Amino acid sequence: MKIAVIGTGFIGSILGRSLANAGQDVVFGSRHPEETAVSGTSAKVASIGDALAGADVVLLALPGVAVAEFSSAYGDALAGKVVIDATNQMGQPVANSRGALPSNIRYVRAFNTLGGENMADPQFADGPADMFFSGPEADRSLAESVIQGVGLRPIYLGEDQEALVDALFQIWIALALKQGRGRRLALRLIEH
């Protein structure tokens, strides 16, 4: 599977490195590929257009405010692709970027319910952190494979359930940041 990671900041670089180290074919898409260096990985850096061209999966790790502009410029290249939305619209009524993306994508909401530190090091004393996600049933196993590639345990919430995923993001923010418990905190589904 070829994965285009759009965004080379904190979250994008963590996810792209982890996926490349897990054996996935990862290309970082950057507005300035000649100036972008992502160390510690076999992943390549290319222009956004080149990264999208051959991608099976697009992992969107841009600042939330940049998604509308990205979508306007590259919407045609996203048609029919699985787009995993790892963005957060901080301070907005809706945290995800689905509304700014074209309607002809296969939308998956994931990688927003943990701090990046937990995605860089997803192992806790009793196992990996959980990553709650939503997406089409037909793309569930593909999304699970990407999530597992980062070392997280995928927990499927169903199709079109990004509002539930975003509610978990709000819980993480309340516990980790507002209550001061620290960013090294993860939510877990425990079954008996």
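The values are calculated or read from the model by the stated rules, or taken from the named source; none is laboratory data. If you're wondering where the values come from, they're calculated on a predicted model, not measured in any experiment. Don't worry about glycine lacking a Cβ; one is built from the backbone with ideal geometry, like all the others, and counts go over all protein chains shown. Areas reflect the complete protein model, heavy atoms only, side chains present, ligands, DNA and RNA absent. Shrake-Rupley method; radii C 1.70, N 1.55, O 1.52, S 1.80 Å.
Only one of these conditions is not met by TRP172: (1) under 25 Å from GLN92 (Cα atoms); (2) open to solvent by 60 Å² or more (accessible area, probe 1.4 Å). Which number is it?
(2) is the only condition that TRP172 fails.
Here's the yes/no breakdown for (1) over 13 Å from the mean Cα position of the chain (by Cα); (2) open to solvent by 20 Å² or more (accessible area, probe 1.4 Å); (3) at pLDDT below 95:
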position	(1), (2), (3)
ALA43	yes, no, yes
LEU52	yes, no, no
GLY64	no, no, yes
PHE70	yes, no, no
GLY75	yes, no, no
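In region 172-192, which residues are among the small types (Gly, Ala, Ser) and under 12 Å from LEU114 (Cβ atoms)?
ALA176, ALA186
Based on what the data block shows, is VAL94 touching a helix residue (DSSP H, G or I) at 6+ places or on another chain (Cβ under 9 Å) and either open to solvent by less than 10 Å² (accessible area, probe 1.4 Å) or of a type in the set (Ser, Thr, Tyr) (or both)?
Details: touching a helix residue (DSSP H, G or I) at 6+ places or on another chain (Cβ under 9 Å): yes; either open to solvent by less than 10 Å² (accessible area, probe 1.4 Å) or of a type in the set (Ser, Thr, Tyr) (or both): no.
Against the criterion (touching a helix residue (DSSP H, G or I) at 6+ places or on another chain (Cβ under 9 Å) and either open to solvent by less than 10 Å² (accessible area, probe 1.4 Å) or of a type in the set (Ser, Thr, Tyr) (or both)), VAL94 does not qualify.
Go through region 122-152 and give me each residue that's in a loop (DSSP other than H, G, I, E, B) and open to solvent by 60 Å² or more (accessible area, probe 1.4 Å).
Passing the criteria: ALA125, ASP126.
Scan region 97-121 residue by residue and report those that are over 12 Å from the mean Cα position of the chain (by Cα) and either surrounded by fewer than 19 Cβ atoms within 10 Å (Cβ to Cβ) or modelled with pLDDT of 95 or more (or both).
Within region 97-121, ARG98, GLY99, ALA100, LEU101, PRO102, SER103, ASN104, ILE105, ARG106, GLU117, ALA120, ASP121 qualify.
When you check ALA86 against the structure, is it in contact with a Gly (Cβ under 9 Å, 6 or more places away or on another chain), free of Cβ contacts under 8 Å to residues at least 40 places away in the same chain and small (Gly, Ala, Ser), yes or no?
no
Is it the case that region 99-118 has a residue that's free of Cβ contacts under 8 Å to residues at least 60 places away in the same chain, more than 24 Å from LEU52 (Cβ to Cβ) and out of contact with any helix residue (DSSP H, G or I) (no Cβ under 8 Å at 6 or more places or on another chain)?
There is no residue in region 99-118 that is free of Cβ contacts under 8 Å to residues at least 60 places away in the same chain, more than 24 Å from LEU52 (Cβ to Cβ) and out of contact with any helix residue (DSSP H, G or I) (no Cβ under 8 Å at 6 or more places or on another chain).
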